[in-house]
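Read-outs: derived from the displayed coordinates by stated rules, not from any lab. What you see is a predicted model, and the numbers here were worked out from it, not measured in a lab. So basically every Cβ, Gly included, is an ideal-geometry build from the backbone, and we count neighbours across all protein chains shown.
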């Protein structure tokens, strides 16, 4: 069996993808009683015994038609709105910034789905809104997503990486299912390695891999590991995009930003007068800021939605749905005007165990009823003991860097304008999207610029 897995896991380069904001999500698999399984040697995640792998460069072809399945885009975006709703309701009065990558979460949980069976597999698929897609169609869609993200616009770096660590075997303990390992490597281009989770070096190995795949923007994702951890899945997304129209540093100056609690702080704002894609209604002002080179297609964009002075972020969230979001994006039109945007540098971290449980995945975290027999034959029984999500976001004069990972007709009417003045000086909503497919890479709300 060791020889078989060794052949399945021969070294192979991981996927390299250019993307806007970065994000990381990790999953821990645990046994009801502690019996570590084995994992044959394979392509080692960076920080492991075989060291890191330099991402492969790919040609940029921004004019190519989207190769990603529309069903996957729709599922990814619906997951984004459900996550935001759950996370906001979990701490409605926290007054904290919120920033997640549905693409990273979808990728990590889809890898986990490969090892689940029965009701557990069904629960993960339903949570991801992918339960209507046959398995092979879904796997092809995930492979197409990775290939699709390899072709960002010029002046954009987008990297996507996956990893799987598994504890070494002991005695006659059951091993990971070779088909599961093969699928994770082939479809998700995951780096795979053995890792003794009981040693102090285990946490450092995981953190080193995450730091390397997020350009050190997320240096720490794991601070401790449960004693019964036998496998760990990780996904990292890193995005760095230069503005198609950079902001002049000489125009950056301090302005007042009004916090949700009524207080006001002074903070540096970027400022620019130009023609931008813009939309306004009775609920918000919205602007689309493109990344890339001015004379070439600008596929990746930062969308900012600023609630009107008499409205709030809560009003925005009450009306946004997958359907209204799509309708709003169709209303953007080129318009001359001025934009003032606060410079940002923030980190966001949360455990998604409770959130995903409330979204329908509770069985996956149940030590008794979880079914990950596709990953390994019990005993012991496997279940998820961790889903951690962490992101980084920076917006300045040059561009954006980040790391990690509803219903038509909302009762708003368009406001007729021939120019605009948009000062983002109060809590607002933002999203980094691919214009070709509509895929939401990162999304969240900013209640304080620092």
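Can you give the FRET efficiency to the nearest 0.05 for residue 450 and residue 67, using r as the Cβ-Cβ distance and R₀ = 30 Å?
0.15
Taking neighbour counts of Cβ atoms within 10 Å as a proxy for exposure, in what order, fewest first, do 82, 88 appear?
Numbers: 82 21, 88 15.
So the residues, fewest neighbours to most, are 88, 82.
Between residue 74 and residue 368, what is 0.36 nm times their sequence separation minus the Cα-Cα distance? Round to one decimal in nm.
102.6 nm
Based on other C-beta atoms within 10 Å, arrange 394, 293, 227 from fewest to most.
227, 293, 394
Can you tell me the length gained on complete extension of the stretch residue 358 to residue 215, counting 0.36 nm per residue apart and subtracting the Cα distance? Intermediate values should be presented prior to the final figure.
Working: separation 143, 0.36 × 143 = 51.48 nm, distance 3.29 nm.
Fully extending the segment from residue 358 to residue 215 adds 48.2 nm.
Going by how many other Cβ atoms sit within 10 Å of their own, how do 240, 390 line up, fewest first?
240, 390
Would you mind getting me the FRET efficiency between residue 89 and residue 144? Use the beta-carbon distance for r and R0 = 25 Å, nearest 0.05.
Values: r = 33 Å, r/R0 = 1.33.
For residue 89 and residue 144, the calculated efficiency is 0.15.
How many nm is it between the label spots at residue 311 and residue 260, if each spot is 7 Å from the Cα in line with the beta carbon?
1.7
What FRET efficiency comes out for residue 377 versus residue 267 if R0 is 51 angstrom and r is the Cβ-Cβ distance? Round to the nearest 0.05.
0.35
What distance in nm separates the simple spin-label points at residue 330 and residue 196, each placed 7 Å from Cα in the Cβ direction?
Result for the modelled spin labels: 6.0 nm.
So for each of 301-311, 258-268 I average, over its residues, the number of other beta carbons within 10 Å; can you give me the resulting order with the highest mean first?
For the peptides 301-311, 258-268, the packing ranking is 301-311, 258-268.
Suppose the chain between residue 318 and residue 275 were pulled fully straight at 0.36 nm per residue; how much longer would it get relative to their current alpha carbon spacing? Don't jump to the answer; show the numbers that get you there.
Values: separation 43, 0.36 × 43 = 15.48 nm, distance 2.99 nm.
Once the chain is fully extended between residue 318 and residue 275, it gains 12.5 nm.
Please compute the modelled spin-label separation between residue 224 and residue 338, points set 7 Å along Cα→Cβ, answer in nm with one decimal.
Spacing of the two 7 Å Cα→Cβ label points: 5.3 nm.
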